[in-house]
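The values are calculated or read from the model by the stated rules, or taken from the named source; none is laboratory data. On a predicted model such as this, the values are computed, not experimentally measured, just so you know. Using ideal geometry, Cβ is built from the backbone for each residue, glycine included, and neighbour counts are taken over all protein chains shown. Accessible surface areas use protein heavy atoms only, side chains included; no ligands, DNA or RNA. Shrake-Rupley method; radii C 1.70, N 1.55, O 1.52, S 1.80 Å.
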Amino acid sequence: MKSLTRGHLKAGVSSVRSAKLRSFWTMLGIIIGVTSVIMVVAIGEGIKQQISGQIHHMGKDLITVRPAQLHGSTGLSSNGANLLSGLNISGSLSEKDVTTVSRSKGVTASAPLTITTGSIKSEGVTYDKGFVIGTSEDLPSLLNQSVEFGAFITYNDVGSNVAVVGQKVARDLFNEDVPLGRSFTFQGQKFIVRGIFNKFNTTPLSEQADFNNAIFIPNDVAESISKNTAPTYEILVKANDGQTAQVASSIESALKKSHGGQTNFSVVEGNKGVGSSDDILNLLTRLIAGVAAISLLVGGIGIMNVMLVSVAERMHEIGIRKAVGATNRQILSQFMIEATVLSLAGGVIGIALSFFLNLMLRLTTDLKPVISWPVVIIATGVSLLVGIIFGSVPALKAARKDPIEALRSE
Amino acid sequence: MALIELKDVSKLYGFGDATTLALDEVNLTIEKGEFVAVMGPSGCGKSTLMNVIGLLDRPSHGTYSLSDKAVARLRPNNAAKIRRDTIGFIFQSFNLLPRLTALENVALPLTYKGLSVQKRLKRASQMLDRVGIQSREYFLPSQLSGGQAQCAAIARALVNNPKLIIADEPTGNLDSESSRLVMELLADIHKMGNTILFVTHNPELTRYATRVVYMHDGSIIHDEKTTIGRVAITARRALYSQPQTNEEDDLAGVSSLMKALPSKTPKRKKRASKVAAKPVKRHKKVIAARSKKS
Ligand SMILES: Nc1ncnc2c1ncn2[C@@H]1O[C@H](COP(=O)(O)OP(=O)(O)O)[C@@H](O)[C@H]1O
Ligand SMILES: [Mg+2]
């Protein structure tokens with residue numbers, strides 16, 4: 001007798017467990033759908049905020065001067081914030097342009113970015129992940145980035161082989177955190193490390209080069225090493241407070257004059273390009289979120305199927321309920337509530353999973369997803385709606401069943 | 001004023017060549033307060049009759065009035081409400097919901113009446129007390145014995161104070177001890193003024209009833225109320241002359257009863273009287289008990 005009771009208990013527990021398992025499978029589609037919608041939007045939003053955070057970091061009054069080929073291109077490539085859009089560059093600015101820009105009215109600081117190629121070696125270690133940039137003393141203030149150890153290049157360094165390196169270079173090339181005074185060879189010349197930058201914030205998925213991999217040398221040294229073939233991709237300019245627009249136009253007219261009336265360059269105000277990149281990102285986010293939303297729909301169909309099976313399995317129960325006086329509407333609402341609870345629970349689990357994934361991504365990657373509450377609320381609403389819509393088919397089927405037929409089925 | 005009035009009620013199943021006539025122009029009137037036993041061989045339409053009377057099924061033809069209200073062609077929802085408020089069902093296989101406790105099962109009809117959780121659990125608990133298994137409130141049906149499960153089912157049927165209780169072979173799955181318990185319970189309920197209809201294969205149990213109705217092939221072939229006298233007594237003699245201990249014997253009893261009844265084929269009559277000619281001691285006791293009751 002005792003073992004019989006235990007057997008019954010076991011059977012009961014396993015039936016509850018199997019119901020739970022089935023509930024889980026029912027919810028899975030919704031869980032995946034909600035999670036993916038929330039995460040896609042969160043990642044998109046995170047990248048957006050990181051980019052605009054960087055712009056903010058660099059100062060909104062930053063002006064970027066670039067070769068003309070970039071001028072007519074679309075948002076992604078004219079991304080004003082992206083300091084070295086290596087992929088898109090096909091022209092260059094001359095040393096003379098650098099001077100013209102720096103002398104324009106209202107310019108408080110300016111620095112060229114000139115990329116020089118070649119292998120970097122130090123005591124047998126070859127460093128190929130990095131790149132060498134010729135620039136001037138204003139760069140740290142333009143980037144709002146300070147030097148952690150040592151000092152940046154100054155006026156006095158013009159023509160001398162000194163370098164300031166990013167943190168990754170310090171670690172990978174010299175294998176120490178503060179390689180002050182150590183040297184490396186580049187293009188057959190020996191350079192002495194004079195300073196190490198603080199860590200640059202990086203923006204995932206952006207085309208901006210990681211300055212933690214960069215070695216900065218005086219611009220004229222870079223030009224002379226490359227025999228004036230190293231292209232200046234960009235000149236960063238800081239204007240007097242609140243005069244960004246005027247300064248940008250005065251730079252434009254000064255350059256136009258020195259280029260003999262030709263406008264083979266572009267002058268972009270710092271935060272203008274951001275708008276277009278935001279648009280693209282928004283569009284992409286919406287597109288992917290839309291695809292994820294379709295998975296919600298698939299989740300809904302999943303709910304419908306599992307509920308249909310469940311209705312068929314529980315026909316006898318429906319018969320009993322009807323026999324004791326349940327009306328069609330009461331049976332309908334019972335199954336509707338079940339479907340709604342299942343999909344809503346799926347939604348809540350999806351939201352919880354999103355927060356967990358958010359945390360994991362923040363801990364393990366450069367991504368900093370930002371979960372937005374409107375999206376969470378919308379996702380919840382949609383999962384509720386999915387439950388109601390797709391739950392209604394099986395619920396109606398259950399409600400309309402003839403009581404005696406339902407009782408007869410086992 | 002009759003509680004139940006069936007007029008020429010027929011029920012057909014299937015169509016074409018496969019048509020079964022489960023009820024064949026049945027006329028039946030049951031007054032309030034009657035305790036009616038329905039007997040008959042398997043497949044004669046007893047369950048169909050119960051389902052029609054219980055508004056679980058609709059008759060194909062004929063009229064049915066319950067408390068002077070025509071109910072043969074009700075909409076499903078109205079039928080459900082009448083089932084909820086005036087009819088209590090007891091099934092052979094208990095039909096308790098396996099995932100609900102005894103208490104929750106008993107409270108189920110009240111749920112559909114819209115009572116608050118507290119009220120319905122309180123009432124359900126009272127009902128379980130009344131049927132004597134309050135100590136099993138939180139047991140699942142699978143943890144109850146057959147008798148206890150049927151008691152819970154009876155409590156469920158009673159919880160809404162229905163005028164009419166319909167029990168389709170309530171003792172069919174029970175041993176004789178539990179059967180007796182269940183029948184005593186039904187008799188008790190009957191004493192409180194309920195009208196009860198029950199189907200049984202066990203002729204012994206008809207002693208609880210105030211009236212016995214015999215069915216065959218979808219028709220009522222004998223109704224004590226309308227034919228009083230010799231045939232009924234003969235029939236009973238036939239019944240109780242067989243010692244009944246198990247289901248097979250029950251069935252044998254029924255078939256011998258059927259043979260004893262005035263039938264369409266005169267051949268049977270002869271054989272039936274043979275059976276009736278060998279009365280056993282026991283039947284006297286039973287009849288005595290019955291006459292004391294009435
Ligand atoms: N759903 C159904 N479909 C077809 N025939 C049925 C159905 N239900 C019952 N029947 C037939 O109706 C007759 C009466 O059945 P039933 O009322 O269950 O008999 P009983 O309860 O007396 O054993 C039987 O011949 C049975 O085969
Ligand atoms: Mg039957």
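Go through segment B:28-49 and give me each residue that's open to solvent by 20 Å² or more (accessible area, probe 1.4 Å) and under 22 Å from residue A:404 (Cα atoms). Of everything in segment B:28-49, those that are open to solvent by 20 Å² or more (accessible area, probe 1.4 Å) and under 22 Å from residue A:404 (Cα atoms) turn out to be B:41, B:42, B:43, B:47.
Being crowded, with 21+ Cβ neighbours inside 10 Å, among the charged types (D, E, K, R) and either in contact with a Gly (Cβ under 6 Å, 6 or more places away or on another chain) or part of a helix (DSSP H, G or I) (or both) is a description that does not apply to residue B:180.
Can you say whether residue B:23 is more than 16 Å from ligand 2 (Cβ to nearest atom), open to solvent by less than 10 Å² (accessible area, probe 1.4 Å) and in contact with a Pro (Cβ under 9 Å, 6 or more places away or on another chain), as far as the supplied structure shows? Reasoning before the result, please.
Values: more than 16 Å from ligand 2 (Cβ to nearest atom): no; open to solvent by less than 10 Å² (accessible area, probe 1.4 Å): yes; in contact with a Pro (Cβ under 9 Å, 6 or more places away or on another chain): yes.
No.
Checked against the criterion of being under 30 Å from residue B:91 (Cα atoms), assigned by TED's automatic domain parsing to the domain that holds residue A:34, in contact (Cβ under 8 Å) with a residue 60 or more places away in the chain and among the aromatic types (Phe, Trp, Tyr), the candidates A:390, A:335 yield just one match: A:335. On inspection, residue A:368 does not qualify as within 14 Å of chain B (Cβ to nearest Cβ) and charged (D, E, K, R). Put simply, of B:75, B:123 the only residue that is open to solvent by 50 Å² or more (accessible area, probe 1.4 Å), on the phi < 0 side of the Ramachandran plot and within 12 Å of chain A (Cβ to nearest Cβ) is B:75.
Within segment A:151-171, if we keep just the residues that are more than 16 Å from residue A:212 (Cα to Cα) and modelled with pLDDT of 85 or more, the residue that is surrounded by the fewest Cβ atoms within 10 Å (Cβ to Cβ) turns out to be A:161. Across segment B:56-68, a minimum of one residue is classified as open to solvent by less than 30 Å² (accessible area, probe 1.4 Å) and within 16 Å of ligand 2 (Cβ to nearest atom). Scanning segment B:10-45 for residues that are within 14 Å of chain A (Cβ to nearest Cβ), in contact (Cβ under 8 Å) with a residue 60 or more places away in the chain and near ligand 1 (Cβ under 6 Å from one of its atoms) turns up B:22, B:45. Only residues that are open to solvent by 20 Å² or more (accessible area, probe 1.4 Å) and either of a type in the set (A, V, I, L, M) or within 30 Å of residue A:305 (Cβ to Cβ) (or both) were counted across segment A:38-50, and they come to 3.
Each residue in segment A:97-150 was checked for being closer than 16 Å to residue A:233 by Cβ and open to solvent by 50 Å² or more (accessible area, probe 1.4 Å), and 1 of them qualify.
For beta carbons closer than 8 Å, sequence separation of 6+ or different chains, a first residue in segment A:300-322 that is within 14 Å of chain B (Cβ to nearest Cβ) and a second that is hydroxyl-bearing (Ser, Thr, Tyr) and open to solvent by 10 Å² or more (accessible area, probe 1.4 Å), the qualifying pairs are A:315/A:409; A:316/A:409; A:319/A:409; A:321/B:112.
Residue A:54 meets all of the listed conditions (1) open to solvent by less than 10 Å² (accessible area, probe 1.4 Å); (2) at pLDDT below 75 but one, namely (1). With respect to residue B:135, determine if the residue is more than 13 Å from chain A (Cβ to nearest Cβ), more than 17 Å from residue A:325 (Cα to Cα) and open to solvent by less than 40 Å² (accessible area, probe 1.4 Å). Considered against the rule, which asks whether it is more than 13 Å from chain A (Cβ to nearest Cβ), more than 17 Å from residue A:325 (Cα to Cα) and open to solvent by less than 40 Å² (accessible area, probe 1.4 Å), residue B:135 comes out as no.
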